[in-house]
1. Taking the range 516-559, which residues are acidic (Asp, Glu) and modelled with pLDDT under 95?
2. Could you tell me whether the range 375-397 includes any residue that is open to solvent by 10 Å² or more (accessible area, probe 1.4 Å), more than 16 Å from the ligand (Cβ to nearest atom) and part of a loop (DSSP other than H, G, I, E, B)?
3. Would you please list the contacts, defined by Cβ atoms under 6 Å and residues six or more apart or on different chains, that run from a residue in the range 121-142 that is of a type in the set (D, E, K, R) to a residue that is part of a strand (DSSP E or B)?
4. Of the residues 215, 277, only one is of a type in the set (S, T, N, Q) and touching a Pro at 6+ places or on another chain (Cβ under 9 Å); which?
5. Could you list, in sequence order, the residues of the range 302-320 that are in a loop (DSSP other than H, G, I, E, B) and either of a type outside the set (D, E, K, R) or under 21 Å from residue 245 (Cβ atoms) (or both)?
6. Is it the case that residue 535 is within 16 Å of the ligand (Cβ to nearest atom) and either in contact (Cβ under 8 Å) with a residue 40 or more places away in the chain or in contact with a helix residue (DSSP H, G or I) (Cβ under 7 Å, 6 or more places away or on another chain) (or both)?
7. Quick one: residue 434 ticks every box in (1) open to solvent by 10 Å² or more (accessible area, probe 1.4 Å); (2) small (Gly, Ala, Ser); (3) within 16 Å of the ligand (Cβ to nearest atom); (4) assigned to a helix (DSSP H, G or I) bar one, so which box is it?
Amino acid sequence: MIAVNRRARPTQVSSATPRAARSLLVTAALAATVTLAACGGGDDPGPGATGEAVVTNLPPADVVDAALSVITEESLRSHTQVLASDEFEGRGPSSRGEELTMQYLTEQFAALGLEPGGVNGTWVQEVPLVSITADPDMTLTVAGNDATRSFAYHTEFVAGTPRVVESVALEDSELVFVGYGAVAPEYQWNDFAGVDVSGKTVVVLVNDPGFATQNPELFKGNAMTYYGRWTYKYEEGARQGAAGVLIVHETAPAAYGWATVQNGWTGPQFDLVTADNNMGRVMAEGWITLETARAIFAQAGMDFDELKARAAVPGFQAVPLGLTASLSIRNTIERSTSRNFLARIPGTTRPDEVVIYMGHWDHFGMDPALEGDQIYNGAVDNASGTATLIKMAEAFKALNPAPERTVVFWATTAEEQGLLGSGYYAENPVYPLSKTVAAINIDALPIFGATRDYVVVGYGNSQLDDYAQRANGPLERVVKADPEPEKGSFFRSDHFPLAKKGVPAHYGSAGHDNVEHGEEWGRAQSDAWTAEKYHQVNDEYAGEWDLGGAMQDISVWFRIGVELAYSNAWPQWNDGTEFKAIREATMR
Ligand SMILES: [Zn+2]
């Protein structure tokens with residue numbers, strides 16, 4: 001999982017608490033052939049390819065179990081140890097660690113008899129990256145209403161440009177308050193209705209009206225929708241033609257303090273780069289503190305808190321502030337290329353339909369400025385998930401008959417820099433997204449032992465939840481929703497760029513309810529790991545890891561993929577999710 005902010009730094013991740021779970025469904029994986037009506041009940045797997053009845057031709061249960069048994073703890077440990085070794089230098093994108101990782105993955109997947117799954121018969125897809133560092137010597141000046149006020153970089157605002165150019169400037173750009181800046185047809189909401197912001201600078205609130213009001217009838221209530229995520233604010237600003245987007249920072253709706261913003265939005269910013277050097281994106285992207293926002297609204301003769309309250313009421317209309325903003329940004333630019341790694345097992349009867357297993361191979365590389373240990377080994381995050389991809393491929397190769405659909409194993413790059421490898425793929429898919437049935441994302445194995453629960457991040461989004469229920473059935477685990485959906489974890493790992501393009505995606509892992517030590521112990525272990533090791537140099541391989549929960553999770557992920565790979569079912573997004581309309585448009 002990436003940090004909550006843009007750049008890699010130690011920070012807090014969510015920890016799980018229980019929530020009422022849905023009853024377990026009997027696993028379908030035990031039956032040799034399962035035929036389900038296209039419109040079933042709660043376990044409806046979605047319609048078949050052309051709306052016909054869903055036919056799932058699973059291999060016999062003993063074949064599935066035997067295939068799964070090739071994934072042993074020892075084999076996971078040995079791959080993880082190699083990938084997380086100091087020799088691999090923390091697997092930074094475009095580094096020697098990348099070379100070694102690509103070599104290792106190629107050797108392993110070739111030895112298993114997989115086909116190269118990348119571009120032009122290779123094992124890879126190249127991903128062009130750029131690092132842009134803004135000169136911190138910049139000032140935001142707001143003029144109007146017989147006053148001019150300047151704000152200081154770092155303490156009162158931060159800003160940069162995604163455009164790959166030496167400098168950009170906002171010059172007397174009109175300021176418009178656009179509330180939450182959301183265009184959300186499924187919630188009958190449009191903050192840009194009746195206002196033209198082209199060339200202007202929008203001031204926008206973080207999170208969404210549902211979180212702001214805690215009204216379950218607005219958006220998704222407490223749970224963050226994508227409209228609440230900071231990346232969305234900049235994307236929508238670009239679609240509206242805005243020159244600048246300034247997000248008002250507030251700790252509760254952002255889920256992190258101003259220090260995290262300062263930390264994440266200053267210094268080198270890694271990004272993807274398009275053929276037009278990102279000229280389609282907003283010229284100036286920034287954040288302002290709450291105090292800065294209050295000062296700007298006061299200068300406009302308006303009350304920030306009153307306008308903020310209005311922004312959460314349906315029918316809100318954007319408000320021109322009668323002020324202008326000026327800001328000039330100078331950049332240092334460095335370009336590089338990294339690689340997504342892709343391998344595949346071709347489907348026997350539906351080769352053009354694709355099921356994807358994904359997990360990021362990259363971590364933070366090395367930091368020569370550190371005293372002592374300088375290597376971010378990323379053993380849990382995500383050497384363990386990369387090791388799982390290798391073993392998952394071996395398990396699929398052990399299935400006889402072979403899968404009906406093509407199964408792709410994709411190790412993504414630059415996840416830690418902001419989902420860049422997966423983001424690039426989503427814009428330049430190697431396999432058509434309309435033919436991609438679903439994606440299963442593996443980001444870090446649990447290391448504290450077997451659990452009685454399984455947490456689905458983004459629970460309630462799609463019919464893949466039902467697959468997870470069935471796959472957890474044999475383990476007698478309770479499937480739970482992410483206990484802190486307001487933090488937007490669903491938007492913070494590599495499945496998300498695919499979900500955003502409409503591909504149903506599953507992201508789940510063991511909860512805290514440890515079989516041996518109970519829930520309190522499990523949560524304490526996880527919290528301690530997050531505080532002491534997450535995104536730090538001491539995320540290293542350790543022999544004392546208890547992979548009991550990892551083995552459970554792997555069996556869940558395997559059974560979900562098997563059910564998808566031997567079927568004509570197309571799992572659907574649930575009504576009211578922000579990705580459903582995109583999927584339906586893609587599939588037309
Ligand atoms: Zn991470």
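The values are calculated or read from the model by the stated rules, or taken from the named source; none is laboratory data. The shown structure was predicted, so the numbers you read here are calculated from the model rather than taken from an experiment. Cβ coordinates were reconstructed from backbone atoms using ideal geometry, including for glycine residues, and neighbour counts include every protein chain displayed. Protein only, heavy atoms only, side chains kept; ligands, DNA and RNA dropped before computing areas. Shrake-Rupley method; radii C 1.70, N 1.55, O 1.52, S 1.80 Å.
1. If we filter the range 516-559 for residues that are acidic (Asp, Glu), which is where we start, we get 516, 519-520, 527, 532, 539-540, 544, 546, 553.
Across the range 516-559, the qualifying residues are 527, 532.
2. Looking through the range 375-397, none of the residues is open to solvent by 10 Å² or more (accessible area, probe 1.4 Å), more than 16 Å from the ligand (Cβ to nearest atom) and part of a loop (DSSP other than H, G, I, E, B).
3. Within 6 Å, the pairs are 126/337; 126/339; 135/330.
4. Numbers: 277 fails: touching a Pro at 6+ places or on another chain (Cβ under 9 Å).
Matching residue, one of 215, 277: 215.
5. First, pick out the residues of the range 302-320 that are in a loop (DSSP other than H, G, I, E, B): 302-303, 312-318.
302, 312, 313, 314, 315, 316, 317, 318, listed by residue number.
6. Details: within 16 Å of the ligand (Cβ to nearest atom): yes; either in contact (Cβ under 8 Å) with a residue 40 or more places away in the chain or in contact with a helix residue (DSSP H, G or I) (Cβ under 7 Å, 6 or more places away or on another chain) (or both): yes.
Yes.
7. It is condition (3) that residue 434 fails.
Every residue, every condition in (1) modelled with pLDDT under 95; (2) within 15 Å of residue 319 (Cβ to Cβ); (3) surrounded by fewer than 16 Cβ atoms within 10 Å (Cβ to Cβ); (4) charged (D, E, K, R), yes or no:
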{"site": "138", "(1), (2), (3), (4)": "no, no, no, no"}
{"site": "143", "(1), (2), (3), (4)": "no, no, no, no"}
{"site": "150", "(1), (2), (3), (4)": "no, no, yes, no"}
{"site": "162", "(1), (2), (3), (4)": "no, no, no, no"}
{"site": "182", "(1), (2), (3), (4)": "no, no, no, no"}
{"site": "191", "(1), (2), (3), (4)": "no, yes, no, yes"}
{"site": "195", "(1), (2), (3), (4)": "no, yes, no, no"}
{"site": "201", "(1), (2), (3), (4)": "no, yes, no, no"}
{"site": "205", "(1), (2), (3), (4)": "no, yes, no, no"}
